[in-house]
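Please read the structure below before turning to the comments.
Since every read-out is calculated from the coordinates, none of them should be taken as a lab result. What you are looking at is a predicted structure, and each value in this text was computed from that prediction instead of being measured. Methodologically, a virtual Cβ is constructed for each residue, glycine included, from the backbone with ideal geometry; neighbour enumeration extends over all protein chains shown.
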Amino acid sequence: MSEISVYLLTIVGVVFLMVVIELVLPDSKVSKYIKSIFAIFIVVVIISPIAKLANSDWDWNKIFDSMEYKIDETFVSNINIDNLDNFERELENFINESYKGAKVSISADFEGDVMKINYIFVDLSELVINEKLQHINYYTAVKELVKKQVDIDDEKVVVYG
């Protein structure tokens with residue numbers, strides 16, 4: 001067992017013993033003295049490792065030697081997918097402020113927690129054409145809008161539909 005486990009078990013044991021003695025003893029002046037002695041004993045047990053640490057070299061590896069830390073790849077992957085979905089939604093909302101009906105899909109790779117965008121696909125098949133803007137090239141306008149929002153090369157933005 002590690003030193004921390006032994007320490008915590010000692011504290012729990014002393015508190016448990018105090019509770020048992022408190023239940024067994026009748027209420028009297030003697031029981032008050034015994035409770036006071038146990039309270040002092042608990043304080044000594046809690047403080048004792050501090051003196052031990054002050055007299056020795058401080059080594060975190062020694063204290064936490066039995067613990068292992070591993071990255072949960074599934075959790076990280078789910079976080080990355082959620083971030084990608086949020087980014088797609090935000091970009092889609094940004095485009096839909098000017099051109100209603102655009103759908104965004106992003107192809108990306110993750111290196112740890114860094115997202116590297118391969119392509120941004122914008123589907124304009126459900127685009128609602130505004131009468132005021134009916135004579136513009138929507139493909140070029142949407143591509144420029146995406147490039148303004150996301151720092152990405154021109155050939156990585158694919159607008160279709």
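Out of (i) 11.6; (ii) 19.4; (iii) 10.1, which label holds the value of mean projected area of the Cα convex hull in nm² that was computed here?
(ii)
Students often get this wrong: which residues of the stretch 107-126 have the backbone nitrogen under 14 Å from the point 7 angstrom along Cα-to-C-beta of S77?
110-112
So how far apart, in nm, are the two label points at E111 and V30 if each is 7 Å from Cα heading toward Cβ?
7.7
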